[in-house]
Amino acid sequence: MILYNSSSAQKGIITGILMIAVSLIIYYLKGNFENGLQYIAYFLYVVGILWTLYSFRKKEAENKSFKNYFSEGFKCFIVVTLMMVLFTFIFLKLNPSLKEEMAINYKADLIKSKNYTAPEIETMTIKAKDYFVTMLVSMAIFGYLIIGALVTVIASAFFSQKKNTQWIKRVVDVHNLSYEIIMIDDGSSDASWQVIENLKVKNSNIKGIKFQRNYGKSAALNEGFKAAAGDVVLTMDADLQDSPDEIPELRRMIVEDGFDMVSGWKKKRYDNVMSKNIPSKLFNAAARRSSKIKLHDFNCGLKSYKRKVVKSIEIYGEMHRYIPILAKWAGFRNIGEKVVEHRARKYGVTKFGWERFVNGFLDLASIMFVGKFGKRPMHFFGLWGTLCFFFGFITFAYLTISKFFFDQTGMTQRPLFFVAILVMIIGSQLFLGGFIGELIARNSPERNNYLVEKKEGL
């Protein structure tokens, strides 16, 4: 158990000792290092690094990112490299005959090549003997460093590919929470659904919903909200940019602090500045000013909700960006914010860009209008229609009075005449639009759908 939980440096020492022992055994059995059995030592080197990273993976409390894995592997292979370089240097010093054997073999190779004269061969052989130790030590340094770095990078990339489901399970198990994971396959063209089915077999708490085609994030959230059964609901994107380690605190803010909803704030972002960060900042500023909700990041995928919130709102189109606003219009005003860790995207390409930025403002205008005037359209269209008609009527009356009482001519040729008529027509159209909207709203099945928070005696 102590061996299993030992540090990376200790594992490096153990690996180095085994490699030295194997190298010595092979040398004294074969009489040299130039044989296939010597690759056993390199095999032990690779196994030692993998052992280090696997042990690190088993440490539940650790934040296991690629950087963390590489750091652990680095400690191991640096220790092994230092030990093997020191062993090489000492062994060569204790065995000067190796230098002579190398010189003889090197000289024979030069003679066989027939590219050098006898004086040149002698000179080159003497220089090779002089730099023999330095050359082998340098080769050992670079060889072990390159092998160690390559193995560590590849293995770290593999071990750091955390599945969100495994990560979530680890977090909730540590905090002794009951949970369900609802995964939405939004019409993917790869093997995502097969992956979900396999995960379901391994973990009965995992559930899945598969769309026939791609409907977008709003549809995925809406269906997920319908299926959710927990008292606290959390949403998270599947691109590994959000950390499940945030779950306990987001849940605590709902359960203990009494928030209706808590939105994550990616204070430090790793997205593209021009295509995503700047549009997001502009959008969030506009949404914050128009909705009066003090959030820095409306569109953060990492959010937590009370159950009654997700059961009270409907998300469609691109409205997933405005869930805090939808919640506010539904009567849930206790909306909080938490700074969350944001990770650089490892897989896939973001679909957010300047075109979605423009659409975002249109959606914002739409949701603000529908939220305020959805059940009373006459209050908007009727007001502006009446104002426009009144302005046009007053202007038209002025022109009429000027013509008949002050004998002014050419009134129908003045631009003001046509402006007055146009404004009156627009006003009439707006009023009629409000009237028609009112008729539609009165016949809507949702016209008397009100959220009742509590009842007593009923």
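A few remarks follow.
- On the basis of the beta-carbon distance and an R0 of 60 Å, Glu256 and Gln413 show a calculated FRET efficiency of 0.20.
- The modelled label-to-label distance for the pair Asn198/Tyr28, using points 7 Å beyond Cα in the direction of Cβ, is 4.8 nm.
- Summing +1 for each Lys or Arg and -1 for each Asp or Glu among the other residues whose beta-carbon sits under 12 angstrom from that of Asp257 gives 0.
- Rounded to 0.05, the FRET efficiency of the Val174 and Gln429 pair, given R0 = 56 Å and the Cβ-Cβ distance, is 0.35.
- Additional length obtainable on full extension of the chain from Ile421 to Ala285, 0.36 nm per residue less Cα span: 45.0 nm
- Distance in nm between pseudo-label sites at Asn334 and Phe91 (7 Å out along the Cβ direction from Cα): 7.0 nm
- Built amide H within the under 5 Å cut-off of Ile206, gap 5+: Ile181
- The label-point distance for Phe404 and Ala157, in a model that sets each label 7 Å from Cα toward Cβ, rounds to 8.7 nm.
- Taking the Kirkwood radius as Rh and the Cα radius of gyration as Rg, region 170-315 has a ratio of Rg/Rh equal to 0.96.
- FRET efficiency for Ile126 and Lys67, using Cβ-Cβ distance with R0 set to 56 Å, rounded to 0.05: 0.70
Coordinate-derived values only; no laboratory data. Please read all numbers here as calculations on a predicted model, not as lab measurements. All Cβ positions, glycine included, derive from the backbone under ideal geometry; neighbour counts span all protein chains shown.
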